[in-house]
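Here's the structure we're looking at; comments come further down.
Bear in mind these aren't lab numbers, they're just calculated from the coordinates by the rules spelled out. A quick note: this is a predicted structure, and the numbers were derived from the prediction, not measured. As a convention, Cβ positions derive from the backbone with ideal geometry for all residues, glycine included, and neighbour counts pool all protein chains shown.
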Amino acid sequence: MTMKVSRRSQVPPFAVMDILAAANARRATGESVVSLCVGEPVSGASDVVRRRAQELLESGDLGYTDPLGAAGLRQEIAAHYQRWYAAEVDPARIAVTTGSSGAFMLAFIAAFDTGDRVAVARPGYPAYKNILESLGCEVVEIECGPQDEYRLTTMQLDRTLQTAGSFDGLVIASPANPTGTMLDAAEIAQIASWCAAHGVRLISDELYHGIVYDTARWPGASAIGAVEQGAIVINSFSKYWAMTGWRLGWMVLPDDLIAAADALAGNVALCPPTLAQYAAIAAFSDEGYAAAAADVARYATAREIMLEALPRLGWTNVAPPDGAFYLYADVSSSGLSAHEYCARALDEAGVALAPGEDFDAVAGSSWVRVSLAAGAANVTEATRRLSHWHATL
Ligand SMILES: Cc1ncc(COP(=O)(O)O)c(C=O)c1O
């Protein structure tokens, strides 16, 4: 007898998975592949974090912590807001989660009901939309393409209100995935005030904070000042601290959501991974920050190599890669869809790229996303291969 599979679980698969599978198949036959399709730092956690994890494995008490995380880690995260943004954050507002993915899930459940409408930028990180829809929320996409310099503004929010009606939540990301574009402090403050004035719950994804290139122009503004007005700020150890597989993130919550998040966290996961939590305290040491800064310097080198190679690749409309480790480019001059472009770039040039369809279901078939997290040597080799290949198209 056929059993039921829920409608809510029918989220679209990532198009990049086809490319990853093909890249693995190619590697398995001994062919070389340069992979620029995954947004994952290659360095892994810093030595100071690894050493701490080893000590903890020997001697630590690794039982459950409080559902919202170990007190020591929540204090360190609060101190991080003081250190980076001169912001006073009560550790009681901080919820440590299973990656920022866990934070999004808890935040969405705590803040929204079935049928609520939540606005997101398009292109954008696909999980916001997919998870919101599986929770029964209606997603209102706001186009942020080349004509808007890929950045969300209050003008677009006003326009969305007029054309699509009111909404209950808004997710922003700066630096953004896939574009790498950023919002400055004034823009974030304007968006936060707009949301507060319209009763819209702002959720600010700050996962790529610290990974910025022109720090004078883009010091990396946070929405932390808007938490008192109801905003939720989300971050993670995955990117800046290169701890993807440790599955640790956090969110800073407004007063009205703390009790709900606490109860939900206890029910959903009991607590975030304890070994990762205690080890992550070491990420906030001078050695931890220095290791992360050295990674950012490596991404900066890879980014320079990529920018220098652009004229030879035939890509246009490149989003300003001000932060994160991505570059989002229009490949339509090739005459191929992004999916075909990525499949052929892999087949014919041995370079794996992410097709834009994953980030933008409407216009993404003209775009590809490149991850620079693979480092300078890989990016140099990829640009060499892609420019030769481009000349054959
Ligand atoms: C913009 C953005 N938000 C959230 C995530 C989720 O990351 P994690 O759950 O590892 O913290 C990612 C992962 O790539 C991302 O790019």
Query - Neighbour cut-off at most 12 other Cβ (10 Å), DSSP loop, trypsin sites (Lys or Arg not before Pro), the range 168-258 - result: 217
Query raised in the report: In the chain, what percentage of the DSSP-assigned beta bridges are antiparallel, given to the nearest 5?
Result: 45 percent
**Report entry** Radius ratio Rg over Rh of the range 318-393, counting only Cα atoms, Kirkwood formula for Rh
**Finding:** 0.95
Query raised in the report: Using the alpha carbon gyration tensor of the range 1-146, what are the three equivalent-ellipsoid semi-axes (square root of 5 times each eigenvalue), largest first, in whole Å?
Result: 31, 27, 19
Report task. Find the percent of Cα-Cα distances in the range 266-315 that exceed 12 Å, and round it to a whole number. Result -> 74 percent
Query raised in the report: Rounded to whole Å and sorted largest first, what semi-axes of the equivalent ellipsoid does the C-alpha gyration tensor of the range 253-393 yield via the square root of 5 times each eigenvalue?
Result: 37, 21, 13
Report summary line: Rounded to whole angstrom, the alpha-carbon centroid of the range 1-58 lies from that of the range 189-226 at a distance of 28 Å
Query - Qualifying GluC sites (Glu not before Pro) for the range 1-92 [loop in DSSP, other Cβ within 10 Å: at most 13] - result: 31, 88
Query raised in the report: Expressed in whole Å with the largest first, what are the equivalent ellipsoid semi-axes of the range 226-303 derived from the C-alpha gyration tensor as the square root of 5 times each eigenvalue?
Result: 28, 17, 11
Report task. Any chance you could check the Cα centroid distance between the range 253-296 and the range 315-393 for me, in angstrom? Result -> 33 Å
Query raised in the report: What list of whole percents do you get for P(r) of the range 48-284, with Cα-Cα distances grouped in 5 Å bins up to the one holding the largest distance?
Result: 1, 7, 14, 19, 20, 16, 11, 6, 3, 1, 0, 0
